[in-house]
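J.: Here it is: the structure, laid out below.
The values are calculated or read from the model by the stated rules, or taken from the named source; none is laboratory data. Note that this is a predicted model, so its numbers are computed, not measured. Methodologically, a virtual Cβ is constructed for each residue, glycine included, from the backbone with ideal geometry; neighbour enumeration extends over all protein chains shown. When the accessible area is computed, the model is the full protein with side chains, heavy atoms only, and any ligands, DNA or RNA have been set aside. Shrake-Rupley method; radii C 1.70, N 1.55, O 1.52, S 1.80 Å.
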Amino acid sequence: MSGNLRPSRLSPGDVLRVGAVGLRARRARVVLSALGIAIGIATMVAVVGLSESSRADLMARLDRLGTNLLTAEAGKDPGGGDIKLPKNAVAMVERIGPVLQATASADIDARIRRSDVVPEERTAGVTAQAVRRDLLTTLGGEMSRGVWLDKASERLPTTVLGSVAAKRLGVTRVGETIMMNNTRVVVVGILKPIELVPTLDRLAMVGFPSAERYFGFDGHPTTIFERSTDASVEDVWAVLARTINPGQKGGIKVSRPSDALAAKAATDEGLTKLMLGLGAVALLVGGVGVANTMVISVLERRQEIGLRRALGATRGAIRLQFLTESLLLSALGGVTGALLGTVATYGFARFQGWTAVVPPESLAAGVAATLVIGVIAGLYPAIRASRLHPTVALNTT
């Protein structure tokens, strides 16, 4: 009969219960060890979640603002002089087949002050530009207060301020006046920030006819704004400069404002990779903490190991017990970290006004990473525990 005896084997449920007993007996140490894993996983989940949330918000903004806006600015001629765009540049651009809208603005020479008691040399850091009436609709801008220039106000000494310009001048409502050179100009509107063309936020804008009448504007635009169909942006890009100024197309700088937002997304992606690296370091430190906890646990529990061996537990059962403890410890930290990372992502995204996005694969990868760390961290302590001879272990004080 003795030849038919076989070592007893623990069921999966028994293995989990035995492994959990070891953790419950050392709760403070378990919490501190799991905390290292939790911090690493929370960092990685939050970084991925916030990056995806930010990117989703950026893509939504791009969809709302449109990626089909091109700007063409006058540059310098070979001699270093300023190139003057033709007065009919907008009409020429509108002849390009796929073009949907076109408008223009122009720099004008006007010193801007809050009032006539402010010395002329003390400007408010606000510049002046002449603009066409269709600028607002072409750029998709919105008014914060007041109204945009119309057919009547574009001929009068009236202005619309960008959001930053209004703050710098201390203008809070329409109807107030500012000085442009020696001309008192009435503020009829204040714009909301224009994301695609943020330079407009720092401008005081007047109509083309008003600029010609009061500020010596010669009628030549300096910047052309154009919107075309999405599918034809690249084609319009290729011909826009030579259409605006056939004789000096090399002096015309054509750009797409939405590219700046796309570049921001690329910058955010690089920062995300850096933060993921920091999260991985925290995860590695947490893994070392788990390994340290398991080694100490083996040293402290030699008598328990010896007793179990004397009662018939195999080396494999001992290895499985301590490996299970390590996995449970890592899984505790991993699940806690995933929850903390998710909560942090939703909280910060809500604070920023974003739609929170937590990719399920990031959560799965985080939990998988903790299990791998649990195996690696617990393998050596488990093997060490299984090699203890029952007699030696029982004699340990």
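J.: Quick check on the stretch 49-78: of everything there that is part of a helix (DSSP H, G or I), among the small types (Gly, Ala, Ser) and modelled with pLDDT under 80, which residue is farthest from residue 105 (Cα to Cα)?
T.: Across the stretch 49-78, the extreme among qualifying residues is 51.
J.: Hey, any hits in the stretch 128-143 for a residue that's without any contact (Cβ under 8 Å) to a residue 12 or more places away in the chain and of a type in the set (Lys, Arg)?
T.: Scanning the stretch 128-143 turns up no residue that is without any contact (Cβ under 8 Å) to a residue 12 or more places away in the chain and of a type in the set (Lys, Arg).
J.: Look at the stretch 178-197 and say how many of its residues are outside any strand (DSSP E or B), open to solvent by less than 20 Å² (accessible area, probe 1.4 Å) and in contact with a Phe, Trp or Tyr (Cβ under 8 Å, 6 or more places away or on another chain).
T.: Counting residues in the stretch 178-197 that are outside any strand (DSSP E or B), open to solvent by less than 20 Å² (accessible area, probe 1.4 Å) and in contact with a Phe, Trp or Tyr (Cβ under 8 Å, 6 or more places away or on another chain) gives 1.
J.: Is it the case that some residue within the stretch 219-230 is among the hydrophobic types (A, V, I, L, M, F, W, C), modelled with pLDDT under 95 and over 28 Å from the mean Cα position of the chain (by Cα)?
T.: For the stretch 219-230, residues among the hydrophobic types (A, V, I, L, M, F, W, C), modelled with pLDDT under 95 and over 28 Å from the mean Cα position of the chain (by Cα): present.
Okay, residues lined up against (1) under 26 Å from residue 27 (Cβ atoms); (2) surrounded by fewer than 18 Cβ atoms within 10 Å (Cβ to Cβ):
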{"position": "337", "(1), (2)": "yes, no"}
{"position": "358", "(1), (2)": "no, no"}
{"position": "361", "(1), (2)": "no, yes"}
{"position": "366", "(1), (2)": "yes, no"}
{"position": "370", "(1), (2)": "yes, no"}
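J.: State whether the residues of the stretch 154-177 include one that is at pLDDT below 95, aliphatic (A, V, I, L, M) and assigned to a strand (DSSP E or B).
T.: No, the stretch 154-177 has no match at all.
J.: Hey, can you tell me all the residues within the stretch 148-185 that are more than 33 Å from the chain's Cα centre (by Cα) and among the β-branched types (Val, Ile, Thr)?
T.: Of everything in the stretch 148-185, those that are more than 33 Å from the chain's Cα centre (by Cα) and among the β-branched types (Val, Ile, Thr) turn out to be 158, 159, 174, 177, 178, 183, 185.
J.: Tell me whether the stretch 79-90 contains one or more residues that are open to solvent by less than 40 Å² (accessible area, probe 1.4 Å) and outside any loop (DSSP other than H, G, I, E, B).
T.: Yes.
J.: Ok, one more. Could you tell me how many of the residues in the stretch 198-211 are surrounded by fewer than 20 Cβ atoms within 10 Å (Cβ to Cβ) and touching a residue at least 40 places away in the same chain (Cβ under 8 Å)?
T.: Qualifying residue count for the region: 2.
J.: (1) at pLDDT 90 or above; (2) in a loop (DSSP other than H, G, I, E, B); (3) under 18 Å from residue 199 (Cα atoms): which one isn't true of residue 125, the others all being true?
T.: (1)
J.: Which members of the stretch 318-335 meet the condition of being of a type in the set (A, V, I, L, M) and either open to solvent by 20 Å² or more (accessible area, probe 1.4 Å) or not in a helix (DSSP H, G or I) (or both)? Give the derivation first.
T.: Filtering the stretch 318-335 down to residues of a type in the set (A, V, I, L, M) leaves 318, 320, 323, 327-329, 331-332, 335.
Listed by number, the residues that qualify are 320, 323, 327, 328, 331, 332, 335.
J.: Also, quick follow-up: Which number in (1) touching a residue at least 40 places away in the same chain (Cβ under 8 Å); (2) farther than 21 Å from residue 122 by Cα; (3) out of contact with any Asp or Glu (no Cβ under 9 Å at 6 or more places or on another chain) marks the one condition that residue 192 misses?
T.: (3)
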